[in-house]
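**Student:** For reference, the structure I am asking about is given below.
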Amino acid sequence: MSDLVVSGPALLPNRKITDVTIFVEQGVIERVSLGLDAGADLTITEGCIAPGLIDLQVNGSFGLDFTTDASTATQVAERLPATGVTAFLPTIITAPPDAYSKLLRELQQARRDAPRFQAQILGAHLEGPYLNPIRRGAHNPALLRVIDLAEIARWADPSIVRLVTLAPELPGALDAVKALRRNGIAISAGHSNATYVEALAGFEAGISWGTHLFNAMSPLEHREPGLAGALLSASVPCGLIVDGIHVHPAAVKLVYRAKGADGLTLVTDAMAATMMPPGRYMLGDRQVIVNENSARLSDGTLAGSILTLDQAVRNTMAFTGCSLADALTMASTTPARVLGLEHMGCIAVGYNADLVALNRALEVTHTFVAGRLAYEKRDV
């Protein structure tokens, strides 16, 4: 007898939303059969059952900031299923050299301490410190530094570091990319003033993702396409913050036409103020002023976002006119592929039973992690 049986219209690997029944055994999808089962534990009649959402860039949420205290990832993991997220990369922004070993130890311990049935902590996304000061965004320029392979060797542990964002045009960057790749760590191009040619050299060296397309990078120009143009014209996938502030809705539509669902990963770049009231919050060592829709430094520079991933799905559909299947693919299947997560991001036999039920308004009503209920929307 299955541990969990869920019926309803579900997003399948063929990118069709079809009425099925999903049978779960010991946290894994055991069987998917066509049609609805009257005896299911949960039946969705409107909306959709999706693979769990995967966020590759989360700086913090619920008043907590990972660069200040990475151990708080456990608390965030417990609450993210309310937004449909079943796995995520806690993101540590540029920090002092002596902070990394402590932060990574805290995050490793958080992974060990985290209950199985909450959003999975996949490992760290280190955004910095090897960024171009010209495109530093909200990162503290005093903490940016030249690439040091010896320093990289001290923290490049693939058991905890999964993704590193760096600027490919910096001296020594291509050697750093190759060294990280040899250690099994994925590399992203971001916070970069790279030319088109420099960006392509980074891709050739092993860069396999782009961090928040358009934001903190050399712009797309018709005679010098820069990093943005390289990402748009290459097969390398990239992240996109679809809050209507970081990227104009018309630009989101253009990007979707250029990259498609297989080339885009929706990310939040969420910071501590996400799911919190307006006020002042920290992003690393920087104070951020947060209103109802954005997070900024005192000079107006965007400093992460207060977006949730389920809202990003809804926004993407509204801005681009894309199908629900494509929007969900950008928030689940494509992120899983970027990190090489072979058993996540699809509703198929043998995959983790990480499932999200959405109602007609595409609000999260139920989230299952490894086949166990992690969140249920309560009617007020």
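**Student:** Which FRET efficiency, nearest 0.05, do residue 363 and residue 113 yield, Cβ-Cβ r, R0 45 Å?
**Tutor:** According to the calculation, E is roughly 0.90.
**Student:** Could you give the length gained by full extension between residue 292 and residue 183, i.e. 0.36 nm per residue of separation minus their alpha carbon distance, to one decimal place?
**Tutor:** 35.1 nm
**Student:** Run the count for the chain, please: Lys pairs, Cα-Cα under 26 angstrom, 8 or more apart or on different chains.
**Tutor:** 5
**Student:** On to the next question. Between residue 25 and residue 378, what is the FRET efficiency for a Förster distance of 35 Å, r being their Cβ-Cβ separation, to the nearest 0.05?
**Tutor:** The value I calculate is 0.80.
**Student:** Here's another thing I want to ask about it. Given the stretch 216-305 reduced to its alpha-carbon atoms as identical point scatterers, what log10 I(q)/I(0) does the Debye formula return at q = 0.10, 0.15, 0.18 Å⁻¹?
**Tutor:** Ignoring solvent entirely, the Cα scatterers give -0.31, -0.66, -0.86.
**Student:** Beyond 34 Å, what share of the Cα-Cα pairs of the chain remains, rounded to the nearest whole percent?
**Tutor:** More than 34 Å apart: 23 percent of the Cα pairs in the chain.
**Student:** Got a sec? Charge dipole of the chain, +1 on Cβ for Lys and Arg, -1 for Asp and Glu; which of 277, 176, 331 is way out at the positive end?
**Tutor:** The one lying farthest along the dipole's positive direction is 176.
**Student:** Rounded to the nearest 20 Debye, what is the dipole magnitude of the stretch 1-146 about its Cα centre when Lys and Arg each give +1 and Asp and Glu each give -1 at the C-beta?
**Tutor:** 680
**Student:** Could you tell me which GluC sites (Glu not before Pro) in the stretch 1-48 are loop residues by DSSP with no more than 14 other beta carbons within 10 angstrom of their beta carbon?
**Tutor:** Sites meeting the loop and neighbour criteria: 46.
**Student:** Name the residue from 247, 54, 346 whose Cα lies farthest towards the positive end of the charge dipole of the chain, charges +1 on Cβ of Lys and Arg and -1 on Cβ of Asp and Glu.
**Tutor:** Of 247, 54, 346, it is 247.
**Student:** With charges set only on the Cβ (+1 for Lys and Arg, -1 for Asp and Glu), what does the dipole of the chain come to about its Cα centre, in debye to the nearest 20?
**Tutor:** Charge dipole, the chain, about its Cα centre: 360 debye, nearest 20.
**Student:** Please work out the ratio of the alpha-carbon Rg of the stretch 288-380 to 2.2 N^0.38 Å and round it to two decimals.
**Tutor:** This ratio for the stretch 288-380 stands at 1.30.
**Student:** Please get the size of the charge dipole for the stretch 231-380, origin at its Cα centre, with Cβ charges of +1 on Lys and Arg and -1 on Asp and Glu, quoted in debye to the nearest 20.
**Tutor:** Charge dipole of the stretch 231-380: 160 debye, to the nearest 20.
**Student:** Count the net charge of all other residues whose Cβ sits under 15 Å from the Cβ of residue 260, scoring Lys and Arg as +1 and Asp and Glu as -1.
**Tutor:** +3
**Student:** Give me the angle, in degrees from 0 to 90, between the Cα long axis of helix 249-259 and the longest principal axis of the Cα atoms of the chain, rounded to the nearest 10.
**Tutor:** 80
**Student:** Looking at 356, 141, 267, which one has the Cα that reaches farthest to the positive end of the dipole of the chain (charges on Cβ: Lys, Arg +1; Asp, Glu -1)?
**Tutor:** Value: 141.
**Student:** Under the rule of -39500 (n - 2.57) per DSSP H run of 4 or more residues, summed and divided by the residues of the chain, what mean residue ellipticity at 222 nm is obtained, to the nearest 500 deg cm²/dmol?
**Tutor:** -7000 deg cm²/dmol
**Student:** Give the distance, in whole Å, between the Cα centre of the stretch 260-332 and the Cα centre of the stretch 128-188.
**Tutor:** 23
Read-outs throughout are calculated quantities, based only on the coordinates presented, and are distinct from any laboratory measurement. These numbers were taken from a predicted model, which means no experiment stands behind them. No Cβ is skipped: glycine too gets one built from the backbone with ideal geometry, and neighbour counts run over all protein chains shown.
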